[in-house]
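A short write-up of the structure that comes next.
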Amino acid sequence: MKRRISLLLVLIMILSMLSGCASGTAGGEAPAEVVKIGWIGSLTGDQAVWGTCEFNTVQMLVDEANDNGGWLGKQIELVGYDTKGDSLEAVNAVKRLVGQDKVVAIVGPNASGQAIAISQVLEESGVPDIATVATNPKVTIDENGNTKPYNFRVCFIDPYQGAVAAGYAFEELGFTKAAILYDVADEYSQGLTQFFEETFVELGGEIVAKEAFKFGDVDFRPQLSKIKETNPEIIFMPYFFKEVALSSTQARELGMDAVLMGGDGWTSEQLLEMAGSSVEGSYVVNHLDFEDPDVQEFKNAYTEKYGSAVELNGYLAYDAFKLLEEAVLKAGEADSKLIAKALESAEVQGITGYIRINKDTHNPEGKEAAILKIVDNKYKFQMKYSVDVE
Amino acid sequence: MSWYYIEGILILSGINLVAVLGLSLLTGFTGLFSFGHAGFMAIGAYAAAFATMKLGMNFYVALLFGGLMAGIIGYVLGKLTLNLKGDYFIIATLGFGEAMRLILDNIQYFGGARGWPGIANYTNLTNVVIINVIGIIILVNIINSKHGRNMKAIREEEMASNIIGIDVFKYKLKSLMISAVYAGISGGLLAHYIGFLQPKMFQLIKSTELTIIVIFGGLGSVTGSVVGAIVLTALPEVLRNVKEWRLVLYGATVVFIMITRPQGLMGGKEFRVIHIIKRIVSKLKAPLNKEVS
């Protein structure tokens, strides 16, 4: 009996393998009227919320573009693969996209670690990739300071975001004593901390406390108590909304009334639900103003189609897709190398701002950050803010 | 299927296999469970990358260097913790693995949590296969030697082996060290395969994955480990078409196989070509014998 079951199991596995091959070959033999693009990101794992939103956004835009006749008279086909937030998985997924599915360009991933890991594969295959929220400078620039030919992105980078937060806190809000609470085990958190500290000190401010925790912690009281003793005016919390909700609530419980500030990891509707009044009056550095009239059309279309709110990644995935569209039309041919070339000087009006790719860095040039303030449990737009970072 | 893609999966299976071979000696033949082998992989990976990128060492020497470093740390860890019995030892290794990752998260020289990009890509299918073959030959020789037999005795009955004069602590330590060296080499290969290191790659989940492969393949079977490493590395890729249900199916498959075959795929047996041929020959002979009798 057991033997039969295991035989059956082996059979199922072989069949699923074959079906994989079958769909692969079908894709290969399909008429050339299809432009294939790829997407990678987290559909599972702790970043699944963002990955799923990205994939839905891109799928929605592909459908929309297809209804309008597609690109260059061809229909667009989207192939999306899960990376579960793991760099090795991302490498496998990209190998599959370029080797088997033969996509002309890839959108995603959302994390820097994965975006850096895949650049080798992109170079071998000559397929361009537009990362959505990968903010580490090393995504587009290699160790020796050279620009990677096939890596692009549509978001601003960590040094910029950290500098904007520090600049706004010091110059606009007039705070001089800041404390930082950050996640030691997180690349994004470490990056923002470093650049916030550098800029804030350079401007003449003082970092009175710098405390760390590790991803997965739920109790921040020891660190917060230490911070409380130094009596800062503002606490910078560069990490994601789940920890923000916990740490802000605990800070208020300890009787701390300092202003809180965070980066784009904060901007989730879920934060407002989870943290409630404890994040009231906090400032957030974001990629866009959610209430901007230009954003509403996409926001409503998404909510109507998928029945859930758009996460931040959705907006950047939208811009990545628009940038890719622009590049494909400019290249005039669905050829990955030509698209990469066209991307180097592509310009497009996105919903997170006007995107002009810099040929030397492959980053969007001069993108302004939006400063939001949480008022009455809503993100309220304050101003566009930008700083000069060399 | 595209060869480029399959090659990638094979290389990754090979890299996993090196670590699994070491763990197989520890878990399958000595009976010690470890949930910290990702920590040894991390040491090997960072040490090997340090050797090639900062010291300009030859890739193969760097791999050995990575293995050696992992072995030394394994020795120290073993000295301190191998007196702990059963579950307590597992907890110690678990703590070690997590601690290793957090230490690396904070060494800014290696890029900290943000990772270390730009490591040269020396790993390819050929050298992965060769290293695996060498690894298997060495492992099989260890297992069939006096040392291997002592380890198996410890696995079966620790107290009895102690009574007949086997230095239990020493052999456990040897086993742990050798398996750490294997994990270290595997880490070095990994570093030079994807060219980017991040402590996040060596989480607890990586350690459990390695242990699952060993148990899935069958405790006390080298061929089981080989089959397990290849099947379990390829399985999530085969299931890519089902998107977010992929890992659910992966988990279900593993659970199902463990229920139907609690002893693992090979369950203490080895797959040897010569044995198979012998069996076929004897089967062919069998009817003849009957006729004669």
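Rounded to a whole number, what is D in µm²/s for the range B:36-162 from Stokes-Einstein with the Kirkwood radius over alpha-carbon pairs (37 °C, 0.692 mPa s)?
The calculation lands on 195 µm²/s.
Could you list A:His362, B:His192 in order of exposure, starting from the residue whose Cβ has the fewest other Cβ atoms within 10 Å?
Ranking A:His362, B:His192 by Cβ neighbours within 10 Å, fewest first, gives A:His362, B:His192.
For the charge dipole of the range B:3-292, defined by +1 on Lys and Arg C-beta atoms and -1 on Asp and Glu C-beta atoms about the Cα centroid, which residue among B:Gln108, B:Phe169, B:Ser225 has the Cα displaced farthest towards the positive pole?
B:Ser225
In debye, nearest 20: dipole of chain A around its Cα centre with unit charges on the Cβ of K, R (+) and D, E (-)?
Here chain A has a charge dipole of around 1280 debye.
Could you give each residue of the range B:45-55 its phi-based ³J(HN,Hα) in whole Hz, using Karplus coefficients 6.51, -1.76, 1.60 with θ = phi - 60°, and x for Gly or Pro?
5, 5, 5, 5, 5, 4, 5, 6, 7, 9, 9
Which one, B:Val254, A:Ser247, B:His192, is farthest towards the positive end of the dipole of the protein assembly as shown when Lys and Arg carry +1 and Asp and Glu -1 on their Cβ?
B:Val254
Per DSSP helix of 4 or more residues, -39500 (n - 2.57); summed, then divided by the residues of chain A. What does that give at 222 nm, rounded to the nearest 500?
-14000 deg cm²/dmol
Cβ under 10 Å from A:Asn66's Cβ, A:Asn66 left aside: what net charge do those residues give with Lys, Arg +1 and Asp, Glu -1?
In short, -3.
Cross-link list A:Lys102/A:Lys330; A:Lys299/B:Lys243; A:Lys299/A:Lys330; A:Lys95/A:Lys359; A:Lys84/A:Lys177: which exceed 30 angstrom alpha carbon to alpha carbon?
A:Lys84/A:Lys177
Give the Rg (one decimal place) followed by the Dmax (whole number) of the range A:108-221, computed from C-alpha coordinates and expressed in Å.
16.5, 50
Which FRET efficiency, nearest 0.05, do A:Val201 and B:Ile130 yield, Cβ-Cβ r, R0 60 Å?
Efficiency computed from Cβ-Cβ geometry: 0.70.
Hey, got the dipole for the protein assembly as shown? About the Cα centre, +1 on K and R Cβ, -1 on D and E Cβ, debye to the nearest 20?
I would put it at about 4620 debye.
Would you mind getting me the FRET efficiency between B:His147 and A:Ser225? Use the beta-carbon distance for r and R0 = 60 Å, nearest 0.05.
With a Förster radius of 60 Å, E is 0.65.
Could you state the orientation-averaged shadow area of the convex hull built on the Cα atoms of the range B:3-292, in nm² to one decimal?
Projected over every direction and averaged, the Cα hull of the range B:3-292 covers 18.8 nm².
What is the distance, in nm, between label points placed 7 Å from the Cα along the Cα-to-Cβ direction at B:Ile72 and at A:Lys337?
Calculated label separation equals 4.8 nm.
Using the Cα centre of chain B as the reference point, and only Cβ charges (+1 on K/R, -1 on D/E), how large is the resulting charge dipole? Debye, rounded to the nearest 20.
In total the dipole reaches around 580 debye.
For B:255-262, what's the mean count of beta carbons from other chains sitting within 10 Å of each residue's beta carbon?
3
Given the convex hull of the Cα atoms of the range B:138-260, what is a quarter of its surface area in nm²?
Over all viewing directions, the range B:138-260 projects a mean Cα-hull area of 9.7 nm².
Across peptide A:84-97, how many C-beta atoms of other chains are within 10 Å of each residue C-beta, on average?
Going residue by residue through A:84-97 and averaging, the value is 5.
At a 10 angstrom cut-off on C-beta neighbours, averaged per residue, how do the peptides A:103-109, A:369-375, A:381-387 rank from highest to lowest?
With the highest mean Cβ count within 10 Å placed first, the list reads A:103-109, A:369-375, A:381-387.
To the nearest 500 deg cm²/dmol, what mean residue ellipticity at 222 nm is calculated for chain B from DSSP H runs of n ≥ 4 alone, each contributing -39,500 (n - 2.57), summed and divided by the residues?
About -23500 deg cm²/dmol.
Which order, highest average first, do B:76-89, A:187-200 follow once you tally other Cβ atoms within 10 Å for each residue and take the mean per peptide?
For the peptides B:76-89, A:187-200, the packing ranking is A:187-200, B:76-89.
With everything on Cα atoms, drop me the angle between helix A:293-306 and the longest principal axis of chain A, reported from 0 to 90° to the nearest 10.
So the helix axis and the longest Cα principal axis differ by about 60 degrees.
With contacts defined as alpha carbon pairs under 8 Å and 6 or more residues apart, what's the relative contact order of chain A in percent?
Contact order relative to length: 15 percent.
The protein assembly as shown: percent of C-alpha pairs farther apart than 51 Å?
The calculated P(r) of the protein assembly as shown puts 16 percent of pairs beyond 51 Å.
For a quick check: sort A:Tyr81, A:Tyr379 by the number of other beta carbons within 10 angstrom, fewest at the front.
A:Tyr379, A:Tyr81
When the Kirkwood radius is taken over all Cα pairs of chain A, what Stokes-Einstein diffusion coefficient follows at 25 °C and 0.890 mPa s, in µm²/s?
For the chosen part, D equals 112 µm²/s.
Which FRET efficiency value, to the nearest 0.05, do you get for A:Asp292 and B:Glu157 by plugging their Cβ-Cβ distance into 1/(1 + (r/R0)^6) with R0 = 56 Å?
For R0 = 56 Å, the calculated efficiency reads 0.20.
Among the lysines, which fall within straight-line cross-link reach of B:Lys170, defined as a Cα-Cα distance under 21 Å, with same-chain neighbours fewer than 8 residues apart omitted?
B:Lys79, B:Lys85, B:Lys146, B:Lys152
Please name whichever of B:Ile274, B:Gly31, B:Phe89 sits farthest to the positive end of the charge dipole of the range B:3-292, dipole taken about the Cα centre and charges placed at Cβ: Lys and Arg +1, Asp and Glu -1.
B:Ile274
So how compact is the range A:176-270: Cα radius of gyration and Dmax in angstrom?
12.2, 35
Could you sort B:228-241, B:268-281 so that the peptide with the highest average Cβ count within 10 Å comes first and the rest follow in order?
B:228-241, B:268-281
Cross-link partners among lysines for B:Lys283, C-alpha distance below 29 Å, same-chain residues fewer than 8 apart left out?
Once the sequence-local lysines are set aside, what remains near B:Lys283 is A:Lys2, B:Lys269.
Taking the 0 to 90 degree range and rounding to the nearest ten, how far is the long axis of helix B:146-156 tilted relative to the main principal axis of chain B, both from C-alpha atoms?
80 degrees
Give me A:Trp71, A:Trp39 ranked fewest to most by other Cβ atoms within 10 Å of their Cβ, as a rough exposure proxy.
Least crowded to most crowded, the residues run A:Trp71, A:Trp39.
Return the average number of partner chain Cβ atoms within 10 angstrom of each residue Cβ along peptide B:197-209.
So the per-residue partner count for this stretch is 3.
By how many degrees, 0 to 90 and rounded to 10, does the Cα axis of helix B:168-194 deviate from the longest principal axis of chain B?
Once rounded, one gets 60 degrees.
Bear in mind these aren't lab numbers, they're just calculated from the coordinates by the rules spelled out. None of the values given here were measured: they were computed from a predicted structure. Virtual Cβ from ideal backbone geometry, glycine too; neighbours counted across all protein chains shown.
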